[in-house]
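Peer 1: Here it is, the structure, as C-alpha cells.
No value in this document is a laboratory result; all are computed from the given coordinates. Everything quoted here is computed from the prediction, not taken from an experiment. As a convention, Cβ positions derive from the backbone with ideal geometry for all residues, glycine included, and neighbour counts pool all protein chains shown.
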Amino acid sequence: MVLIIGGAWQGKLDFAKETYSLAEEDVFTCQGVEIDFSRRCVDRLEEFTLACVQAEKDPVAYFVGREELCRNSILICGDISCGVVPMSAELRLWRNETGRLCQYLAKNAARVSRIFCGLEQRLK
C-alpha cells in the first residue's frame, strides 16, 4: 500500500498518476462510506472520513480486515489538520477521524509521501 498526503491543490493526484502510470479509470474518488478497492487508486479519503462521521461509522474499523483488498492500492488523503480548528463538533471530529485513519494507514503502508507544491517528500 502507498499513502499520499498533502494539502489542497498541491498535486497529490497528478503525482500519483505520473509516478504510478495511472489512467482516469484507475482512480476511485470517495463520495460516501464505501470504497471501490477494485481500482488501483483511491482519492479523497478525507471525503470518506467525513461521510463516516456523518453516518456515525468508524473509518479505521472499515479498513481493519480489508488489508488484503487495499494491499496494492495507492491511497490519497488531503491534509485537513492544519489551519483554524473548526467550531463545529462534527468538523472537529472529522479532523480527528481523518488523522486516526492516516496514522493507521501510514503504519501499514510500504511507502508514505507528502506532496507540497507538486514535490514529493518521502516520509516512509
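Peer 1: Can you list the aspartates and glutamates whose alpha carbon is less than 14 Å from that of Lys107, not counting same-chain residues fewer than 8 positions off?
Peer 2: Within the straight-line cut-off, Lys107 pairs with Glu67.
Peer 1: Starting from one equal scatterer on each C-alpha and no solvent at all, send me the Debye-based log10 I(q)/I(0) for the range 14-60 at q = 0.29 Å⁻¹, two decimals.
Peer 2: -0.99
Peer 1: If you don't mind, another one. Using 0.36 nm times the number of residues separating Asn72 and Glu34, minus their current alpha carbon distance, what extension gain do you get?
Peer 2: So the chain would gain 11.9 nm between Asn72 and Glu34.
Peer 1: Follow-up question, since we're still on this one. What's the longest piece of the chain with no exposed GluC sites (Glu not before Pro), counting a site as exposed if DSSP puts it in a loop and it has at most 16 other beta carbons within 10 Å?
Peer 2: The answer is 57-124.
Peer 1: When the convex hull of the Cα atoms of the chain is projected onto a plane and the area is averaged over all directions, what value comes out in nm²?
Peer 2: Dividing the Cα hull surface by four gives the mean projection, 7.2 nm².
Peer 1: State whether the range 63-124 is rounded, prolate or oblate according to the following rule on the C-alpha gyration tensor (a ≥ b ≥ c being the square roots of its eigenvalues): a/c under 1.5 gives rounded; otherwise a/b larger than b/c gives prolate, and the remaining case gives oblate.
Peer 2: Oblate shape, in that a/c is at least 1.5 and b/c is the bigger or equal ratio.
Peer 1: Report the net charge of residues surrounding Asp26, where surrounding means a beta-carbon distance below 9 angstrom and charges are Lys +1, Arg +1, Asp -1, Glu -1.
Peer 2: Every neighbour counted, the sum reads +1.
Peer 1: Moving on to the next point. Counting DSSP beta bridges with both partners in the chain, what percentage is antiparallel, nearest 5?
Peer 2: Just about 20 percent of them are antiparallel.
Peer 1: Related question: 7 Å from Cα along Cα→Cβ at both Glu18 and Gln103: what's the point-to-point distance in nm?
Peer 2: 3.3
Peer 1: Mind giving me the nanometre distance, one decimal, between the label points for Gln121 and Tyr62, set 7 Å out from Cα along Cα→Cβ?
Peer 2: Inter-label distance under the simple model: 2.7 nm.
Peer 1: Right, something else. Averaging sequence separations of C-alpha pairs under 8 Å and six or more residues apart, then dividing by the length of the range 2-122, give the relative contact order as a whole percent.
Peer 2: This gives 39 percent for the range 2-122.
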